[in-house]
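To start, the structure itself, in structure tokens.
The values are calculated or read from the model by the stated rules, or taken from the named source; none is laboratory data. Just so it is clear, the structure is predicted and the values come from calculations on it, not from any experiment. Please note: Cβ atoms are built from the backbone with ideal geometry, for glycine as well, and neighbour counts cover all protein chains shown. Areas reflect the complete protein model, heavy atoms only, side chains present, ligands, DNA and RNA absent. Shrake-Rupley method; radii C 1.70, N 1.55, O 1.52, S 1.80 Å.
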Amino acid sequence: MAQIFTSYSDREFKEILSGHVKEAVREALHGETAEKPTPPPQNIGYRTRAETRLMLGVAYSTMHYWEKAGILVPRRIGRKVYYSDEAIRDALAKSGKGLK
């Protein structure tokens, strides 16, 4: 195995090192190399927060309260929040709103 030795000035070395550090930080912050979470399969019946809010006919604050009270159970994938059709039906039954 051959070894290659190169000499850099202090300034050149700092620029090279700075570039590598910036690239590593950018990747860490933006998750370019991190594995992206996969969204839930569409055929299982998952809804976004906005879709669920419209289906339930409630405000986001009500959904938050229901989550804390255990009435509406979310599924979090990364930063995204989804609700299964089953969780929405259960929330309707527990809240007394019934199906629309």
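Restricted to helices (runs of 4 or more DSSP H) entirely inside the stretch 7-100, those with at least 3 residues that are at pLDDT 85 or above are 49-56, 60-69, 85-95. A Cβ distance below 8 Å, combined with a sequence gap of six or more or placement on separate chains, defines the contacts here; from the stretch 45-73, residues that are within 13 Å of residue 84 (Cα to Cα) reach residues that are of a type in the set (Lys, Arg) and surrounded by 15 or more Cβ atoms within 10 Å (Cβ to Cβ) in the pairs 55/47. Residues that are surrounded by fewer than 15 Cβ atoms within 10 Å (Cβ to Cβ), of a type outside the set (Asp, Glu) and in contact with a Ser or Thr (Cβ under 9 Å, 6 or more places away or on another chain) are absent from the stretch 60-69.
Selection of first residues in the stretch 84-97 that are without any contact (Cβ under 8 Å) to a residue 12 or more places away in the chain and of second residues that are open to solvent by 40 Å² or more (accessible area, probe 1.4 Å) and outside any helix (DSSP H, G or I), restricted to Cβ pairs under 8 Å at least 6 apart or on distinct chains, gives the following pairs, ordered by first then second residue: 89/99.
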